[in-house]
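Just so you know, all these numbers are worked out from the coordinates, no wet-lab data involved. Here the structure is a predicted model, which means the values were calculated and not measured. Glycine also receives a Cβ, built like all others from the backbone with ideal geometry; neighbour counts cover every protein chain displayed.
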Amino acid sequence: MARKRAAVLISGRGSNMTALAAAADDPAYPAEIALVVSNRSDAAGLAVARARGIATAVVDHAGHGKDRAAFERTLQSVLERHAIEIVCLAGFMRLLTPYFVGLWDGRMLNVHPALLPAFKGLDTHERALAAGVRIHGATVHFVVPEMDSGPIVIQAAVPVLDDDTPDSLAARVIKAEHRIYPLALQWLAQGRLHRVGGRCLVDGVAGAETMLIHPQAGSGEK
Ligand code: GAR
């Protein structure tokens, strides 16, 4: 079967984009990263994509002033020119309007550095530490008009350690993002994701009753 043509939208260093591109290096992976788009010409991830031989485009929101619709029309025309079938947001720091989200309904994913629906928005690691949660993580979800919402495809949980800083926690969470995003894109490209109400079910995945308990009881404790 032909591989699905995916675009990754970035605003910064693009480490999730790199994880998706690395997964797609395997010819058996069901999607190819056909395009990387940034809304910032100085996004470090653009050079990484170019070095991998991936087509890149800059759709500069500043050039469109406050006109979100014009920005999105330009973005859409770039995606169409490259015959894109799936859009992956990966650290893309622009809110998208319901118009654009509607065009990509069921075909656009986002990765968020928290266990949604906890800690939507920015500064998730600072807020997780401030809230005192013992378990934090990452989420890949379908994009809907409401920010950081939409059916959850996959989540990964990581422990919050006593000596964590926002940076050390971010470093643990980003590894989780890199694990789960390629899986989510794979499943979407294979047509294995089904949205049922607010949930997303995945064909052919094993359920596991493994618990992540943190902190763990010391030896001798029940
Ligand atoms: C990632 O942690 C991603 O989850 C986050 O930005 C980072 C981008 O890193 N996205 C958001 O906060 C969106 N709300 P990357 O450019 O190295 O992939």
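Taking label points 7 Å from Cα along the Cα-to-Cβ direction, T97 and H194 give a separation of 3.5 nm.
Between R107 and A44, take the C-beta separation as r, use R0 = 30 Å, and let me know the FRET efficiency to the nearest 0.05. The formula returns an efficiency of 0.65 here. Note on L212 and D163: with the Förster distance fixed at 25 Å, the Cβ-Cβ geometry gives a FRET efficiency of about 0.85.
Once the C-beta distance of V205 and A62 is scaled by a Förster radius of 30 Å, the resulting FRET efficiency is 0.10 to the nearest 0.05. Computed about the Cα centre, the dipole magnitude for segment 9-76 is approximately 220 debye when only Lys and Arg (+1) and Asp and Glu (-1) carry charge, each at its Cβ.
Sort 44-53, 102-111 by packing, meaning the average of other beta carbons within 10 Å per residue, with the highest value first.
On the way: 44-53: 15.6, 102-111: 19.1.
Highest mean packing first, the order is 102-111, 44-53.
Here is how the number arises for the chain: DSSP H runs of 4 or more residues each give -39500 (n - 2.57), the sum is divided by the residue count, and the result at 222 nm is -9500 deg cm²/dmol. Size estimate for segment 1-154 follows the Kirkwood approach: the inverse of mean 1/r over distinct Cα pairs works out to 16.1 Å. Label separation (R52 vs R81): 2.1 nm, computed from points 7 Å beyond Cα along the C-beta direction.
With the cut-off at 1.5 for a/c, could you classify segment 94-222 from its C-alpha gyration tensor as rounded, prolate or oblate?
On the way: a/c = 2.48, a/b = 1.51, b/c = 1.65.
Cα axes put segment 94-222 in the oblate bin.
Between A22 and R134, the distance separating the two model label sites (each 7 Å from Cα on the Cα→Cβ line) works out to 3.1 nm. Axis of helix 166-189 versus longest Cα principal axis of the chain: the two differ by about 60°, to the nearest ten degrees.
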